[in-house]
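The values are calculated or read from the model by the stated rules, or taken from the named source; none is laboratory data. Just so we're clear, the structure is a prediction, and the values are computed from it rather than from any experiment. Note: ideal-geometry Cβ built from the backbone for every residue, glycine included; neighbour counts use all protein chains shown.
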Amino acid sequence: MDKVPMTPNGFEALGDELKNLKSVERPNIIKAIAEARAHGDLSENAEYTSARERQGFIEGRIAEIEDIIARAEVIDVAKLTGKTVKFGATVKLADEDTNHEVKYQIVGPYEADLTKGRISVTAPLGRALIGKGVGDSIEVQTPGGTKSYELVSIRFK
């Protein structure tokens, strides 16, 4: 069973989602199924079919989150230091073609969200950054072609 690296915030967010699924979503879907059953013939009852599908999704997500939590290795980023990129680091990169700067935090695969500036340690860019230092050049193969970045800064917060 492989351990999954995770920040404390990511671990907490998964715990909150699990709690919501078990205490809010699961009871709601059970009520919806009971109400749909009360309408009679289940073979032609779209509400019942829809509620059962939703129940399957909720139960599957609960099992998935419980598995992730069981395998989680929570790493407190605030205690990390160093001059090279590792899990938890927040990096600032400059596109070598346009000088446009972007900032990312290297996180676990289950908490990655590009819109929030969090990339997975297992993503191509995340893998390319690990072990690099300020001033290093990083080349990453993207769907649009090869991109080159310069590592401008590394922070652990």
Check your understanding: Where residues in segment 108-128 are charged (D, E, K, R) and not in a helix (DSSP H, G or I), which of them is farthest from the chain's Cα centre (by Cα)?
Key -> Arg118
Review point. Just wondering, is there one or more residues in segment 66-89 that are over 29 Å from Tyr104 (Cβ atoms) and assigned to a helix (DSSP H, G or I)?
Key: no
Practice item. From Ala51, Ala63, Ala46, grab the single residue that is of a type outside the set (Ser, Thr, Tyr), in contact with a helix residue (DSSP H, G or I) (Cβ under 9 Å, 6 or more places away or on another chain) and loosely packed, with under 14 Cβ neighbours inside 10 Å. Key: Ala46
Review point. List the pairs whose first member sits in segment 137-157 and is in the same structural domain as Lys83 (by TED's automatic domain parsing), whose second member is in a strand (DSSP E or B) and among the aromatic types (Phe, Trp, Tyr), and whose Cβ atoms are under 6 Å apart, counting only residues at least 6 apart or on separate chains?
Key: Ile138/Tyr149
Exercise for review: Among the residues of segment 129-151, write down those that are farther than 14 Å from Phe87 by Cβ and not in a strand (DSSP E or B).
Suggested key: Val134, Gly135, Asp136, Pro143, Gly144
Exercise for review: Working carefully through the options Thr84, Thr98, find the one that is more than 19 Å from the chain's Cα centre (by Cα), without any contact (Cβ under 8 Å) to a residue 60 or more places away in the chain, in the same structural domain as Thr146 (by TED's automatic domain parsing) and within 25 Å of Gly133 (Cβ to Cβ).
Suggested key: Thr98
